[in-house]
Amino acid sequence: MATSRNATLLAAVLCAASLHAADLRPMKDPAKLASVFRANAKLRVLNVWATWCAPCVAEMPDLRAADAAFGDEIAFAGISLDDMLPDSTPKPVASFLDAQKISYPNIYYTGNADALGEHLHITGEIPITIVYDRAGHELWRNQGPVARNAFIARLRDLLRRTR
């Protein structure tokens with residue numbers, strides 16, 4: 001009986017842990033970025049960030065709050081540039097995402113930084129947050145950390161315009 005209870009407890013703990021496990025996906029080809037978004041979302045938010053970027057780390061709670069505020073209407077995804085540093089691995093990025101309780105997909109980008117910059121039209125520093133419509137047309141871009149209330153208001157406005 002005790003063994004059965006222990007097995008049940010272990011299964012519950014593992015199940016709970018998997019609910020908060022980071023969705024971190026390796027990717028080299030920037031042309032495949034759109035594949036991480038849910039097809040039914042009205043808007044798609046892409047955030048380019050890294051754990052070594054202090055403003056990126058500071059904005060994570062605001063991105064998490066915005067993601068929670070919109071449910072299925074808006075699909076969020078992140079692109080970690082941590083692999084740009086020598087000897088980097090995905091494990092610290094996944095741990096960071098777990099600690100921040102970030103549930104939306106994140107890409108551990110392992111491709112050429114210049115190719116990503118060209119694909120996303122990035123000319124400055126990170127963080128960069130880009131909002132696209134369902135068809136992939138860019139609607140809004142912010143270079144630097146987002147401010148929670150202003151960002152949520154902007155997303156509400158963009159949703160109204162896309163209906």
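Only the coordinates and a few stated rules stand behind these numbers; no lab work does. A quick note: this is a predicted structure, and the numbers were derived from the prediction, not measured. We place every Cβ from the backbone using ideal geometry, glycine too, and count neighbours over all the protein chains shown.
Quick notes on this structure:
- Ranked by how many other Cβ atoms sit within 10 Å of their own Cβ, fewest first, the residues Ser80, Ser95 fall in the order Ser95, Ser80.
- Taking every DSSP bridge with both residues inside the stretch 22-162, close to 45 percent are antiparallel.
- Taking other C-beta atoms within 10 angstrom as a stand-in for reagent exposure, Ile122, Ile79 fall in the order Ile122, Ile79, fewest first.
- Three-way shape label, the stretch 92-152, alpha-carbon gyration tensor, a/c 1.5: oblate
- Taking the convex hull of Cα positions in the stretch 71-110, its mean projected area over all directions (nm²): 3.0
- Relative intensity, log₁₀ I(q)/I(0), of the stretch 56-145 from a Debye sum that treats every alpha carbon as a point, q = 0.18, 0.25 Å⁻¹: -0.93, -1.59
- Exposure proxy order (Cβ contacts within 10 Å, fewest to most) of Leu63, Leu155: Leu155, Leu63
- Taken over the stretch 29-102, the alpha-carbon convex hull comes to 94 cubic angstrom per residue.
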